[in-house]
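See structure below.
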Amino acid sequence: MRVSVFDYGAGNLHSLAKALEHDGAFVEIETDPARAARTDVLVLPGVGAFGHAASRMASGVADLRSAVRGGLPCLGICLGMQLLFDASDEGPGVGLGIFPGRVHRLEGGRVPQIGWNTIEGANDPLLDTAPMTTAYYANSYVCRPDDESCVRAWSTHGTARFPALVRAGRTIGVQFHPEKSSAPGVELVRAFLREAAQ
Amino acid sequence: MLARRVVVCLDVQGGRVVKGEQFVQLRDVGDPVELATRYEREGADEIVFLDILATADDQETMLDVARRTAERLFIPLTLGGGIRSADDVALALRFGADKVSINSAAVSRPAVLAESAARFGSQCVVASIDAKREGEAERWRVYTRGGRTRTELDAVEWARTCVAHGAGEILLTSIDRDGTRTGYDLELTRAVVAAVDVPVVASGGAGSAADVQEVLDDGHADAALVAGILHDEQTTVRAIKQLLASTGLPVRAVS
C-alpha cells in the first residue's frame, strides 16, 4: 500500500513517516500535489501556515479534490485538517473543500494552544479501535464546519469548544498531532491505515 | 482543558547529553536518542535538546541527533542553540524538530522571531530567555550566549517583545537557580506568565518533584523543564506526574 505524505516544505515529517511505516505501508514524501493525488492513501501533515501550504497545493487542488471526493483515504493532521476545509482566516488561498466551512482563529484561552488537551465525546470507529482521551495540540486556528454532523470528537481550550476529529466517508481530519501523542497516537495512525486498507 | 506539561531537557554537546551547573562544569550523562525515548516511556510530555555550546560543527552533529531522535520519538521535540535565522529554523524542522528555541539571535535581531513565525507558524517558535536577578527588587536582566553576556534588556519586558514579534512560547530560565536544585524562581515565572499570553515553560532550579509542583501551581507556569534530577535518578517523570495529579493539577495520564 502506497502512502503519500504531501510535503508543503515546512515541518518535521520524520515522526509521521515512522508512525506510518507499518504493516507493509510504503511511505513516500511527495512535493508535487498532483502526483500526491495518485496514491493509495493520502496524508496531509500538520506544520506550517495555511496561506503558504495552500499556495504549495494550488497547482494540484483539482486533482487532490477529485481523488479525495472519489474515495481516496485521506488523513489531514492539524494544518492538514484545516486544508480539507474551504478557506482560512490565517491566510489566503483555497483548501480542498471536502468539509464545507471555514478555519477561524482560536479564541478563549492562551493562543497558540500548545500541549496536551482532551478528546471528548468520541463517536467514531477509529477512536473505538484506538481510544484516545488526550492528545498533543499545537495550533492557533480551528475548523468550523457548516454542518457539525461531520464532527466525531471535540476538544475545549479555555472557553472555546472546537472539533478534534472530523470525518466524511474515508476522509479524516484531526486537529491534534497523533504522531506526537505518544503510543496511543501512533496506534490511531495505524488504525487509520488498517481502515484505509479495507 | 490543557494539561500542565513536564518537559525534559537534554543539553547536547558533540552528540552526547551533558549537564552543567550554572552554565559551567559539564559532565556526560548519556546518549540523547536513548534518553529521549526512555523519558517518553516514563511519561515526559516533551523533550528539549539544547545545544549549549553551538558551533558550526556542533550544529551538524545536532541535526543528525535530531533526525535519529525524531524517527523514534513520538512526543514533541524542541531544538535550541545556535539558531540564527529563519533558514536555520527551516533546517531544524526539516531534521526533526517540532519547535525551535531562539535565544541570543533574537536579542541581536528580534525580527528573526517574526520571520520564523511567518514561515512556520508561531506554534513552533520558542523564545528562550535566560534571566538573572538584579538587586533586591523583582527585576531580572536578560543574558545571552549561554549566560555569559549581560544585555540591557529587562526579562519581563523582553518576554513581551518576543511575543509581539511572533514567539508562540517562552522558555524562561533562571540563571540564579540553574543547576542549584533549590527550586524554580517563582517570582520571575509569575511575572513573565502575567506579562504574556502565550505558554511559559519555567526552567532552572528543579530539586524535587515538589519544586515542579510548586512552579506549576504557585508559579503559574504552563510547563516545567526538568533535567539534572532525572538524569541523576533523584526522581522520575512518573513520580513527578503522580505528585502533580495528586495535588489536582491537570496532567496527561500515562499507562
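The values are calculated or read from the model by the stated rules, or taken from the named source; none is laboratory data. As the structure is a prediction and not an experimental result, all values here were calculated from the model. Positions of Cβ are backbone-derived with ideal geometry, glycine not excepted, and every protein chain shown enters the neighbour counts.
Observations on the structure shown:
- Matching residues in region B:76-109 - criterion: being of a type outside the set (Asp, Glu), surrounded by 24 or more Cβ atoms within 10 Å (Cβ to Cβ) and not in a strand (DSSP E or B): B:Pro76, B:Gly81, B:Ile83, B:Val89, B:Ala92, B:Leu93, B:Gly96, B:Ala97, B:Asn103, B:Ala106
- The sole residue among B:Ser174, B:Ser246, B:Ser203 that is touching a Lys or Arg at 6+ places or on another chain (Cβ under 8 Å), modelled with pLDDT of 95 or more and either at positive phi or away from chain A (no Cβ under 14 Å) (or both) is B:Ser174.
- Taken over region A:73-93, the criterion of being buried (at least 17 other Cβ atoms within 10 Å of the Cβ), touching a residue at least 40 places away in the same chain (Cβ under 8 Å) and part of a loop (DSSP other than H, G, I, E, B) is satisfied by A:Pro73, A:Cys78, A:Leu84, A:Phe85, A:Glu90, A:Gly93.
- Unique residue being closer than 29 Å to B:Pro250 by Cα, aliphatic (A, V, I, L, M) and either more than 14 Å from every other protein chain (Cβ to nearest Cβ) or surrounded by 15 or more Cβ atoms within 10 Å (Cβ to Cβ) (or both) when the list is A:Leu106, A:Leu96: A:Leu106
- Annotation: of all residues in region A:146-198 being surrounded by fewer than 17 Cβ atoms within 10 Å (Cβ to Cβ) and among the β-branched types (Val, Ile, Thr), the one that is farthest from the chain's Cα centre (by Cα) is A:Thr159.
- Matching residues in region B:213-255 - criterion: being among the β-branched types (Val, Ile, Thr) and within 19 Å of B:Ala36 (Cβ to Cβ): B:Val226, B:Ile229, B:Thr235, B:Thr236, B:Val237, B:Ile240, B:Val254
- Checking region B:129-141 against the condition returns no match, with no residue being crowded, with 24+ Cβ neighbours inside 10 Å, on the phi > 0 side of the Ramachandran plot and assigned to a loop (DSSP other than H, G, I, E, B).
- Residues of region A:33-48 satisfying the condition of being touching a residue at least 40 places away in the same chain (Cβ under 8 Å) and more than 14 Å from chain B (Cβ to nearest Cβ): A:Asp40, A:Val41, A:Val43, A:Leu44
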